[in-house]
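Engineer: One structure, pasted below without further comment.
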Amino acid sequence: MILDNISRALRTQNWLAAGVEFVIVITGVVIGFQINAWGSDRQMRAEERAFVGRLLGEIEVLSEERNSIARMAAQNRARNASVLEKLSAQSDALELDADECAFIIVSNLIAFDPADLPALEEISASGDRSFMRDAALSAAVSSYIQTREARREIARELRSKTIDLSRDYPELIRQEFAVPEEGLTANDIRPARLAELRVMTCHLAGMRANGEFLNGIANNTGIMALYAEAVSERTTGSIVTLQSALEAYGGS
(Lines give C-alpha, C1' and ligand atoms only; values in the text may rest on other atoms or scores of the structure.)
Protein backbone atom coordinates (compact mmCIF):
# COMPACT_ATOMS: atom_id res chain seq x y z
CA MET A 1 0.00 0.00 0.00
CA ILE A 2 2.73 2.46 0.99
CA LEU A 3 4.81 1.52 -2.07
CA ASP A 4 1.77 2.12 -4.31
CA ASN A 5 1.30 5.54 -2.74
CA ILE A 6 4.97 6.40 -3.33
CA SER A 7 4.78 5.25 -6.94
CA ARG A 8 1.63 7.30 -7.53
CA ALA A 9 3.19 10.37 -5.92
CA LEU A 10 6.28 10.05 -8.10
CA ARG A 11 4.21 9.68 -11.28
CA THR A 12 2.25 12.79 -10.43
CA GLN A 13 5.42 14.56 -9.25
CA ASN A 14 3.85 15.10 -5.83
CA TRP A 15 7.21 15.33 -4.08
CA LEU A 16 5.79 16.19 -0.68
CA ALA A 17 3.56 13.12 -0.59
CA ALA A 18 6.40 10.93 -1.84
CA GLY A 19 8.69 12.31 0.84
CA VAL A 20 6.14 11.71 3.59
CA GLU A 21 5.52 8.14 2.46
CA PHE A 22 9.27 7.51 2.24
CA VAL A 23 9.81 8.80 5.79
CA ILE A 24 7.01 6.51 6.98
CA VAL A 25 8.75 3.51 5.37
CA ILE A 26 12.16 4.35 6.88
CA THR A 27 10.62 4.98 10.29
CA GLY A 28 8.88 1.62 10.21
CA VAL A 29 12.11 -0.16 9.30
CA VAL A 30 14.03 1.60 12.08
CA ILE A 31 11.34 0.80 14.66
CA GLY A 32 11.35 -2.82 13.51
CA PHE A 33 15.11 -3.06 13.99
CA GLN A 34 14.85 -1.45 17.41
CA ILE A 35 12.16 -3.89 18.51
CA ASN A 36 14.23 -6.84 17.31
CA ALA A 37 17.33 -5.48 19.05
CA TRP A 38 15.38 -4.91 22.25
CA GLY A 39 13.99 -8.45 22.14
CA SER A 40 17.45 -9.90 21.46
CA ASP A 41 19.00 -7.91 24.30
CA ARG A 42 16.24 -9.00 26.66
CA GLN A 43 16.86 -12.63 25.75
CA MET A 44 20.63 -12.23 26.25
CA ARG A 45 20.07 -10.66 29.66
CA ALA A 46 17.83 -13.56 30.66
CA GLU A 47 20.50 -16.04 29.55
CA GLU A 48 23.13 -14.05 31.46
CA ARG A 49 21.07 -14.07 34.68
CA ALA A 50 20.42 -17.81 34.32
CA PHE A 51 24.14 -18.39 33.80
CA VAL A 52 25.02 -16.45 36.95
CA GLY A 53 22.45 -18.37 39.01
CA ARG A 54 23.70 -21.70 37.71
CA LEU A 55 27.33 -20.78 38.34
CA LEU A 56 26.61 -19.73 41.92
CA GLY A 57 24.98 -23.10 42.55
CA GLU A 58 27.94 -24.95 41.06
CA ILE A 59 30.38 -22.94 43.18
CA GLU A 60 28.46 -23.98 46.30
CA VAL A 61 28.75 -27.67 45.34
CA LEU A 62 32.44 -27.28 44.41
CA SER A 63 33.21 -25.51 47.69
CA GLU A 64 31.69 -28.36 49.69
CA GLU A 65 33.80 -30.88 47.77
CA ARG A 66 36.94 -28.80 48.27
CA ASN A 67 36.23 -28.43 52.00
CA SER A 68 36.07 -32.22 52.34
CA ILE A 69 39.36 -32.64 50.47
CA ALA A 70 40.94 -29.83 52.53
CA ARG A 71 40.12 -31.73 55.72
CA MET A 72 41.87 -34.82 54.33
CA ALA A 73 44.86 -32.69 53.30
CA ALA A 74 45.05 -31.28 56.84
CA GLN A 75 45.13 -34.84 58.22
CA ASN A 76 47.93 -35.71 55.82
CA ARG A 77 49.94 -32.67 56.89
CA ALA A 78 49.53 -33.70 60.52
CA ARG A 79 50.69 -37.25 59.72
CA ASN A 80 53.58 -35.86 57.70
CA ALA A 81 54.70 -33.74 60.64
CA SER A 82 54.48 -36.75 62.95
CA VAL A 83 56.51 -38.88 60.53
CA LEU A 84 59.23 -36.23 60.21
CA GLU A 85 59.43 -35.93 63.97
CA LYS A 86 59.90 -39.68 64.40
CA LEU A 87 62.49 -39.77 61.61
CA SER A 88 64.64 -37.12 63.26
CA ALA A 89 67.90 -38.29 64.85
CA GLN A 90 66.76 -36.88 68.21
CA SER A 91 63.58 -38.98 68.30
CA ASP A 92 63.39 -42.03 70.56
CA ALA A 93 60.32 -43.43 68.74
CA LEU A 94 60.60 -47.13 67.94
CA GLU A 95 57.94 -47.49 65.26
CA LEU A 96 55.46 -45.73 63.01
CA ASP A 97 51.77 -46.37 63.47
CA ALA A 98 49.61 -47.72 60.64
CA ASP A 99 48.39 -44.27 59.52
CA GLU A 100 51.92 -42.85 59.44
CA CYS A 101 53.20 -45.84 57.46
CA ALA A 102 50.29 -45.52 55.04
CA PHE A 103 51.05 -41.83 54.60
CA ILE A 104 54.65 -42.53 53.59
CA ILE A 105 53.42 -45.01 50.97
CA VAL A 106 51.16 -42.40 49.36
CA SER A 107 53.28 -39.32 50.07
CA ASN A 108 54.06 -39.05 46.36
CA LEU A 109 50.38 -38.78 45.47
CA ILE A 110 49.26 -35.16 45.57
CA ALA A 111 45.60 -34.91 46.51
CA PHE A 112 43.13 -34.12 43.74
CA ASP A 113 42.22 -30.44 43.88
CA PRO A 114 38.93 -29.88 41.99
CA ALA A 115 38.38 -26.54 40.30
CA ASP A 116 36.03 -27.33 37.39
CA LEU A 117 32.64 -25.66 37.05
CA PRO A 118 30.41 -27.29 34.37
CA ALA A 119 28.94 -23.95 33.25
CA LEU A 120 32.44 -22.63 32.54
CA GLU A 121 33.49 -25.87 30.86
CA GLU A 122 30.60 -25.48 28.42
CA ILE A 123 31.44 -21.93 27.38
CA SER A 124 35.14 -22.83 27.19
CA ALA A 125 34.35 -25.68 24.82
CA SER A 126 31.93 -23.68 22.66
CA GLY A 127 33.76 -20.36 22.80
CA ASP A 128 30.39 -18.59 22.83
CA ARG A 129 30.20 -15.79 25.37
CA SER A 130 27.99 -13.47 23.34
CA PHE A 131 25.24 -13.60 25.99
CA MET A 132 27.55 -12.02 28.57
CA ARG A 133 26.78 -8.31 28.32
CA ASP A 134 28.12 -7.35 31.75
CA ALA A 135 31.80 -6.39 31.38
CA ALA A 136 32.69 -7.13 35.02
CA LEU A 137 31.09 -10.58 34.79
CA SER A 138 32.90 -11.41 31.55
CA ALA A 139 36.23 -10.27 33.03
CA ALA A 140 35.73 -12.36 36.18
CA VAL A 141 34.92 -15.48 34.15
CA SER A 142 37.92 -14.97 31.86
CA SER A 143 40.24 -14.41 34.81
CA TYR A 144 39.08 -17.58 36.55
CA ILE A 145 39.51 -19.75 33.44
CA GLN A 146 42.96 -18.35 32.65
CA THR A 147 44.35 -18.65 36.17
CA ARG A 148 42.89 -22.14 36.53
CA GLU A 149 44.77 -23.29 33.43
CA ALA A 150 47.99 -21.78 34.80
CA ARG A 151 47.55 -23.63 38.10
CA ARG A 152 46.94 -26.89 36.24
CA GLU A 153 50.33 -26.50 34.60
CA ILE A 154 51.93 -25.93 38.01
CA ALA A 155 50.14 -29.00 39.41
CA ARG A 156 51.37 -31.21 36.56
CA GLU A 157 54.92 -29.99 37.07
CA LEU A 158 54.84 -30.61 40.82
CA ARG A 159 53.31 -34.08 40.46
CA SER A 160 56.14 -35.08 38.14
CA LYS A 161 58.73 -34.32 40.84
CA THR A 162 57.45 -36.51 43.68
CA ILE A 163 59.20 -39.76 44.65
CA ASP A 164 57.45 -43.12 45.07
CA LEU A 165 59.17 -44.21 48.28
CA SER A 166 57.41 -47.58 48.52
CA ARG A 167 58.72 -48.46 45.05
CA ASP A 168 62.25 -47.16 45.56
CA TYR A 169 62.76 -48.53 49.07
CA PRO A 170 61.00 -51.92 49.27
CA GLU A 171 63.41 -53.01 52.00
CA LEU A 172 62.09 -50.21 54.24
CA ILE A 173 58.43 -50.38 53.28
CA ARG A 174 56.71 -53.73 52.92
CA GLN A 175 53.16 -54.29 51.74
CA GLU A 176 51.64 -57.75 52.03
CA PHE A 177 48.20 -59.29 52.12
CA ALA A 178 47.07 -61.35 55.10
CA VAL A 179 45.44 -64.22 53.23
CA PRO A 180 42.79 -65.99 55.35
CA GLU A 181 43.58 -69.60 56.28
CA GLU A 182 40.66 -70.78 54.16
CA GLY A 183 42.03 -68.86 51.19
CA LEU A 184 40.63 -65.92 49.25
CA THR A 185 36.97 -65.87 48.38
CA ALA A 186 35.13 -63.84 45.75
CA ASN A 187 34.23 -61.39 48.50
CA ASP A 188 37.90 -60.93 49.40
CA ILE A 189 38.89 -59.56 46.01
CA ARG A 190 36.72 -56.47 46.36
CA PRO A 191 38.84 -53.28 46.65
CA ALA A 192 37.46 -52.45 50.09
CA ARG A 193 38.17 -55.97 51.38
CA LEU A 194 41.66 -56.04 49.87
CA ALA A 195 42.41 -52.80 51.69
CA GLU A 196 41.43 -54.52 54.93
CA LEU A 197 43.69 -57.49 54.18
CA ARG A 198 46.69 -55.35 53.28
CA VAL A 199 49.42 -55.27 55.92
CA MET A 200 51.92 -52.40 55.77
CA THR A 201 55.20 -52.43 57.63
CA CYS A 202 57.60 -49.50 57.81
CA HIS A 203 61.13 -50.02 59.15
CA LEU A 204 61.61 -46.82 61.14
CA ALA A 205 65.22 -47.42 62.23
CA GLY A 206 66.22 -48.25 58.66
CA MET A 207 64.51 -45.13 57.33
CA ARG A 208 66.19 -42.96 59.93
CA ALA A 209 69.60 -44.31 58.93
CA ASN A 210 69.06 -43.98 55.15
CA GLY A 211 70.07 -40.53 53.92
CA GLU A 212 68.54 -41.00 50.45
CA PHE A 213 65.22 -42.02 51.95
CA LEU A 214 65.27 -38.97 54.24
CA ASN A 215 65.94 -36.76 51.22
CA GLY A 216 63.02 -38.42 49.43
CA ILE A 217 60.50 -37.82 52.21
CA ALA A 218 61.80 -34.23 52.55
CA ASN A 219 61.28 -33.78 48.79
CA ASN A 220 57.69 -35.01 48.97
CA THR A 221 57.05 -32.81 52.00
CA GLY A 222 58.31 -29.74 50.18
CA ILE A 223 56.25 -30.45 47.08
CA MET A 224 53.15 -30.99 49.22
CA ALA A 225 53.67 -27.56 50.78
CA LEU A 226 54.27 -25.93 47.37
CA TYR A 227 51.13 -27.55 45.97
CA ALA A 228 49.05 -26.30 48.89
CA GLU A 229 50.30 -22.73 48.41
CA ALA A 230 50.59 -22.46 44.62
CA VAL A 231 47.54 -24.53 43.65
CA SER A 232 45.04 -25.22 46.44
CA GLU A 233 45.15 -21.88 48.26
CA ARG A 234 45.20 -19.84 45.05
CA THR A 235 42.33 -21.86 43.62
CA THR A 236 40.30 -21.15 46.74
CA GLY A 237 41.11 -17.45 46.37
CA SER A 238 40.02 -17.47 42.72
CA ILE A 239 36.75 -19.15 43.61
CA VAL A 240 36.05 -16.54 46.28
CA THR A 241 36.84 -13.74 43.81
CA LEU A 242 34.56 -15.23 41.15
CA GLN A 243 31.77 -15.77 43.67
CA SER A 244 32.04 -12.16 44.82
CA ALA A 245 31.77 -10.94 41.21
CA LEU A 246 28.70 -13.11 40.65
CA GLU A 247 27.03 -11.89 43.82
CA ALA A 248 27.75 -8.28 42.82
CA TYR A 249 26.21 -8.84 39.38
CA GLY A 250 23.21 -6.56 38.83
CA GLY A 251 21.59 -8.26 35.88
CA SER A 252 19.51 -5.21 35.01
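Engineer: Show the residue pairs meeting these rules: Cβ distance below 9 Å; 6+ apart or different chains; first residue within the range 220-232 and on the phi < 0 side of the Ramachandran plot and free of Cβ contacts under 8 Å to residues at least 12 places away in the same chain; second residue assigned to a helix (DSSP H, G or I) and open to solvent by 50 Å² or more (accessible area, probe 1.4 Å).
Structural biologist: ALA225/ARG77
Engineer: Looking at (1) surrounded by fewer than 12 Cβ atoms within 10 Å (Cβ to Cβ); (2) of a type outside the set (Asp, Glu); (3) free of Cβ contacts under 8 Å to residues at least 12 places away in the same chain; (4) within 30 Å of ARG54 (Cβ to Cβ), which one does ALA74 not meet, given that it meets all the others?
Structural biologist: Exception for ALA74: condition (4).
Engineer: Out of ALA93, ALA89, report the one residue that is part of a loop (DSSP other than H, G, I, E, B), open to solvent by less than 30 Å² (accessible area, probe 1.4 Å), in contact with a helix residue (DSSP H, G or I) (Cβ under 8 Å, 6 or more places away or on another chain) and at pLDDT 90 or above.
Structural biologist: Answer to the selection: ALA93.
Engineer: Which condition number in (1) in contact with a helix residue (DSSP H, G or I) (Cβ under 7 Å, 6 or more places away or on another chain); (2) at pLDDT 90 or above is the one that ALA111 fails?
Structural biologist: Among (1) in contact with a helix residue (DSSP H, G or I) (Cβ under 7 Å, 6 or more places away or on another chain); (2) at pLDDT 90 or above, the lone unmet condition for ALA111 is (2).
Engineer: Among the listed residues VAL179, VAL199, which satisfies the condition of being more than 33 Å from the chain's Cα centre (by Cα), modelled with pLDDT under 70 and open to solvent by 60 Å² or more (accessible area, probe 1.4 Å)? Lay out the reasoning, then the answer.
Structural biologist: Working: VAL199 fails: modelled with pLDDT under 70.
After ruling out the rest, the residue left standing is VAL179.
Engineer: Does the range 183-193 contain at least one residue that is at pLDDT 95 or above and part of a loop (DSSP other than H, G, I, E, B)?
Structural biologist: No; the residues of the range 183-193 include none that is at pLDDT 95 or above and part of a loop (DSSP other than H, G, I, E, B).
The values are calculated or read from the model by the stated rules, or taken from the named source; none is laboratory data. Only a predicted model underlies this, so the values are computations on that prediction, with no experimental measurement involved. Glycine also receives a Cβ, built like all others from the backbone with ideal geometry; neighbour counts cover every protein chain displayed. Accessible surface is based on the protein model in full, side chains and every heavy atom, while ligands, DNA and RNA are left aside. Shrake-Rupley method; radii C 1.70, N 1.55, O 1.52, S 1.80 Å.
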